[in-house]
Structure formats: C-alpha cells, structure tokens
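Quick notes on the structure that follows.
What follows draws every value from the coordinates through simple rules; no lab data is involved. Computed from a predicted structure; not experimentally measured. Positions of Cβ are backbone-derived with ideal geometry, glycine not excepted, and every protein chain shown enters the neighbour counts.
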Amino acid sequence: MRRSEFQRAVAAEFGGRSSALVNDLVLPGLGDRTAAEALDAGIPPREVWLALCIETDVPESRRHGAGRLEPRRS
C-alpha cells in the first residue's frame, strides 16, 4: 500500500471524519502514535491502515485492497 492508497482508503471508509482520525486518534498498536505520526516515523502505510482499522472496528472484509484504484481499461 502506498501513502496515496492509504489516504484514499481512509477517505472512503471514514469520510468527513478521516482527517480527525488520522491526526488525533492515538493507536496503541503503533506505539501510542497517531496515524500521521506513524507515517512520518516511517511506518509502512499498510501497517498504519490495519492499526487504524483495528482501533475503529472496521470489518475485515473492508480492510484488504482498500485505497487501490481500479485498473485502467484499454
């Protein structure tokens, strides 16, 4: 997962709350950092996404493949 995919996944899952969650919600699974702090510290976006999903009870069915763009059709 790239950082851009992380941002799309968070926006799609949380909508208007996405910015607040990324910047304010402390994630115990990432050393008590926010998602923004974890990304800035070099933690892979996929790991941050999964920690955010766990903390906010996102169903597993919506965790994998989130944020990816559909392949272009020729």
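Here are a few things to note about the model shown:
- Alpha-carbon Rg/Rh ratio, for region 1-65, with Rh computed the Kirkwood way: 0.91
- Along region 18-30 the Karplus relation, 6.51 cos²θ - 1.76 cosθ + 1.60 evaluated at θ = phi - 60°, assigns HN-Hα couplings of 4, 4, 4, 5, 5, 8, 10, 6, 7, 10, x, x, 10 Hz to successive residues, with x for each Gly and Pro.
- Relative contact order, percent, region 1-64 [alpha-carbon distance under 8 Å, six or more residues apart]: 29 percent
- Test item: Cα-centred dipole of the chain, Lys/Arg +1 and Asp/Glu -1 on Cβ, debye: 520 debye
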